[in-house]
1. At a Cα cut-off below 27 Å, give the lysines reachable from Lys254, other chains included and same-chain residues fewer than 8 away excluded.
2. Could you go through region 5-18 in sequence order and give the Karplus-derived ³J(HN,Hα) for each residue, using 6.51 cos²θ - 1.76 cosθ + 1.60 with θ = phi - 60°, rounded to whole Hz, and x for Gly and Pro?
3. Hey, which aspartates and glutamates would be in cross-link range of Lys48, C-alpha to C-alpha under 18 Å, not counting anything within fewer than 8 residues on its own chain?
4. Give me the percent of DSSP beta bridges within the chain that run antiparallel, rounded to the nearest 5.
5. Can you tell me how much longer the chain between Val171 and Lys131 gets when fully stretched, taken as 0.36 nm per residue apart minus their C-alpha distance, in nm with one decimal?
6. Quick one: Kirkwood hydrodynamic radius for region 1-121, alpha-carbon pairs, angstrom, one decimal?
7. Hey, rough spin-label estimate for Asn226 and Glu107, points 7 angstrom out along Cα→Cβ, what's it come to in nanometres?
8. Could you pull out every one of the lysines with an alpha carbon less than 17 Å from that of Lys141, ignoring same-chain neighbours closer than 8 positions?
Amino acid sequence: MLAYKAYCFDLDGTVYRGKMGIESAVQFIHHLQRQGIEPYYLTNNSSKTRETLQQLLKSVGIEAPLHHIYSSSLATAKYVATICKNNKVNVVGEAGIRTALLEEGLEITEEQSDVLVMGIDRQISYEKLVKASAYIQNGAKLIGTNEDIKFPNENGFAPGNGSFVHLVSNVAGVTPLFIGKPSPVMLQIIADEHQFKKEEMVMIGDNYDTDILCGIHFGCDTIHVNTGVTPTEIVKQQAQLPTYCVENLIELLK
Ligand SMILES: [Mg+2]
């Protein structure tokens, strides 16, 4: 059995798929909790608040404390608060990113601002994309909560935030900045807020390009689990390999 202090789990494709829990992951998390280890949860999903993510975890049988749940919205809001000059931001996105920005003391405006934050918006429309493209062409900096092109759902894959941010950046001819995984920002926040050393932490996820690279960029151990986006055979072709590759998390209990 592994002996880390901070087990950092991706959510979509690692702990659940759509509304369905991944049984092996749920069992592994229950096992950790019985040992007195309370895991951390990191999601690139920007649409949901900490409270909503907590409810989602509860619905698949996992009790998680609020302060162990981190989203790309939270990390993005903390970053934007440090760079935004007039405290006003343009936003495309749902409750998760809006709440996080407001909680950092920022004001959401429809007038031209110097920052446009884009998170997944399931009410996205052509009109919203036209407006977003105009903000950027008029000088706003383009910040995406996360670069995920797609995410797993019950029927395969659905378009992720990265698909829409790239659409806007292509129209405006700029390079966006992304805050979610594979950027190490969320792991760094966990390390800082809960005082872990890198060697005490492990990042667990299904997506090589986000979860595994996030851990590698941060400098902690990583576990790839073959229950979501990146198949193990593709992971094994990469130049930088995860510390462990497993079919499912039950293997780690053996
Ligand atoms: Mg995932």
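1. Lys5, Lys58, Lys197, Lys198, Lys236
2. 9, 10, 9, 10, 9, 5, 9, 4, x, 10, 9, 9, 10, x
3. Partners within reach: Asp10, Asp12, Glu63, Glu94, Glu103, Glu104, Asp121, Glu147, Asp148.
4. 15 percent
5. In short, 13.3 nm is gained.
6. Result for region 1-121 stands at 15.5 Å.
7. It is 5.5 nm.
8. Output for Lys141: Lys78, Lys85, Lys88, Lys128, Lys131.
The values are calculated or read from the model by the stated rules, or taken from the named source; none is laboratory data. None of the values given here were measured: they were computed from a predicted structure. We place every Cβ from the backbone using ideal geometry, glycine too, and count neighbours over all the protein chains shown. For accessibility, only protein heavy atoms count, side chains too; no ligands or nucleic acids. Shrake-Rupley method; radii C 1.70, N 1.55, O 1.52, S 1.80 Å.
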